[in-house]
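Notes to accompany the following structure.
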Amino acid sequence: MKDEIELRHLRYFLAVAETLHFGRAATKLGIAQPPLSQQIRRLEEMLGAQLFERTTRGVKLTPAGSTLRERARSTMARLADDLEQSRRVARGEEGRLTVGFSGSVMFTELPMAIQAYRRAYPRVDVQLREMWTSDQLAALADGSIDVGLSERWRATARTYDYAAAAGAVLCGAAGRPCAATPAHRGPGIL
């Protein structure tokens, strides 16, 4: 067994540190007391420090244990925040969205749509890049933009074939302006 502290060690330690009772901590964790005691002893061995003073009257934290309690709480809170941020990014609620557009699109509903998107997803940094329509498909392919918008793209079979050859996906109603995204990301989101 390697001497690596795992998250479960911190969870177990915090349960004992908060209850100051191995039996109640084990119940809280849903495990038996002997394995919990063994894991705490293993953690103490890995740290080279005693975390608890064990007496017949109960358990109390040592100075090293008090320090670890505060640090472990901070670590677990940070981990929870990091995981939630990852979930928000995966759902498209946080991160960056780079939109390439041809100038004429600004005379459509795009400005209002961008404002609405920013209100709905305030943690997404929307960056706008004005580009020639012909440059947008290349920018989609190399990942420098996430979405391309153009009045010149029309939802026709020929346009879809051109986009597919460039590795992009177009979405739009027949004869209407289109949004394009890289094929590996699926249809556009604006």
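The values are calculated or read from the model by the stated rules, or taken from the named source; none is laboratory data. All figures in this text were calculated on a predicted structure; none of them were measured in a lab. Positions of Cβ are backbone-derived with ideal geometry, glycine not excepted, and every protein chain shown enters the neighbour counts.
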Within the group Ala26, Ala80, Ala72, which residue is under 30 Å from Tyr121 (Cβ atoms) and outside the structural domain of Ser144 (by TED's automatic domain parsing)?
Ala80
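Please determine, by comparing only the residues of the stretch 116-135 that are under 9 Å from Ser102 (Cβ atoms) and either buried (at least 16 other Cβ atoms within 10 Å of the Cβ) or not hydrophobic (A, V, I, L, M, F, W, C) (or both), which one is modelled with the highest pLDDT.
Initial filter on the stretch 116-135 (under 9 Å from Ser102 (Cβ atoms)): 130-133.
Now drop any that are not either buried (at least 16 other Cβ atoms within 10 Å of the Cβ) or not hydrophobic (A, V, I, L, M, F, W, C) (or both), which leaves 130-131, 133.
Details: Glu130: 92, Met131: 89, Thr133: 78.
Looking at the filtered set, the residue picked out is Glu130.
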Among the candidates Gly100, Gly95, single out the residue that is in contact (Cβ under 8 Å) with a residue 40 or more places away in the chain, of a type in the set (Gly, Ala, Ser) and surrounded by 13 or more Cβ atoms within 10 Å (Cβ to Cβ).
Gly100
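Could you please let me know if Arg69 is basic (Lys, Arg) and in contact with a Phe, Trp or Tyr (Cβ under 8 Å, 6 or more places away or on another chain)? Spell out the reasoning first.
On the way: basic (Lys, Arg): yes; in contact with a Phe, Trp or Tyr (Cβ under 8 Å, 6 or more places away or on another chain): yes.
Here the answer is yes, as Arg69 does meet what is asked.
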When you go through (1) touching a Gly at 6+ places or on another chain (Cβ under 7 Å); (2) loosely packed, with under 14 Cβ neighbours inside 10 Å one by one for Glu70, which number turns out not to apply?
(1)
Tell me, yes or no, whether the stretch 87-100 has at least one residue that is within 30 Å of Glu45 (Cα to Cα), in a helix (DSSP H, G or I) and either over 19 Å from the mean Cα position of the chain (by Cα) or at pLDDT 90 or above (or both).
no
